[in-house]
Amino acid sequence: MTALEYILDGLEAELALERELGVRSIEIDRALLVAPSGSPGVSRPSGSVVPVSSSASSLVNPSRAPIKQPNLANKSSDQTSISYPLVFLHDRALSAAGVEMMGKIIAALGMTEQTAKVVTTTPLPPAKVYVVLGAGALKKWFPGTAGAPGQWIAVEGGASVLVTYSPEYILRFKTVTPAVKKIKMDMWTAIKSVLRKI
């Protein structure tokens with residue numbers, strides 16, 4: 001097995017897991033992965049050629065439009081000048097599955113990336129309501145403040161702050177047990193309560 005086959009097998013396994021979790025419904029068709037003309041490739045038993053080194057864009061089927069993801073406001077230059085009704089705060093960059101999950105949550109709230117942002121780096125943008133995604137984010141953004149998932153907390157400055165679960169925490173569970181369903185429902189119920197504050 002070549003290194004590339006190992007990577008593709010891992011990617012297929014990861015996508016299968018995400019389909020199981022209901023996060024993603026993407027399939028990989030190895031027949032679509034072809035080397036650009038004139039570049040070195042690895043011959044596969046099926047006769048197709050898989051590129052050894054090429055840009056990720058050459059591996060994507062151009063006939064399919066990319067999934068619309070929420071804008072992760074990570075650049076400090078545009079965060080302080082705009083005030084948002086709702087800002088989700090996380091302690092680190094979200095995985096692709098986490099970004100997709102947050103995109104679904106924002107859409108389900110009837111909001112867009114212009115009215116709700118997911119922020120992972122400082123400075124803290126002005127907002128009417130902050131939703132803190134997980135204990136790590138609470139410690140990063142509001143040090144010394146305590147709060148449990150589903151709890152509204154008071155912070156300096158008068159903004160409303162809701163603490164809830166991190167999408168990365170929820171996505172860690174490989175099987176959806178009744179306990180995981182309860183966590184998801186608690187998170188969604190808490191986030192829906194934000195609509196009364198904005």
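Quick one: which of 157-168, 180-191 comes out on top by average Cβ neighbours within 10 Å, and what's the full order, highest first?
Values: 157-168: 19.2, 180-191: 15.0.
So the peptides 157-168, 180-191, ranked by packing, come out 157-168, 180-191.
Report the charge-dipole magnitude of the range 72-196 in Debye, nearest 20, computed about the Cα centre from +1 at each Lys and Arg Cβ and -1 at each Asp and Glu Cβ. All intermediate terms of the calculation are to be shown ahead of the outcome.
Working: 14 positive and 7 negative charges, 73 e Å.
Dipole size: approximately 340 debye.
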**Prompt:** When we measure straight from the Cα of residue 174, which lysines land under 16 angstrom away, once same-chain ones fewer than 8 places off are left out?
**Reply:** 182, 184
**Asked** From the phi of every residue in the range 85-96, what ³J(HN,Hα) in whole Hz does the Karplus formula 6.51 cos²θ - 1.76 cosθ + 1.60 yield, where θ is phi - 60° and glycine or proline is x?
**Response** x, 9, 10, 8, 10, 10, 7, 7, 4, 7, 5, 4
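Hey, any idea what Rg/Rh is for the range 72-196, computing Rh the Kirkwood way over Cα pairs?
Values: Rg = 13.7 Å, Rh = 14.6 Å.
Result: Rg/Rh = 0.94.
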**Prompt:** Amide H to amide H under 5 Å from residue 127: which residues, 5+ apart in sequence or cross-chain, H placed 1.01 Å off N in plane?
**Reply:** 84
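We did not get these values from a lab; they are worked out from the coordinates using the rules stated. A quick note: this is a predicted structure, and the numbers were derived from the prediction, not measured. A quick note on method: Cβ atoms are made from the backbone with ideal geometry, for glycine too, and the neighbour counts reach across all protein chains shown.
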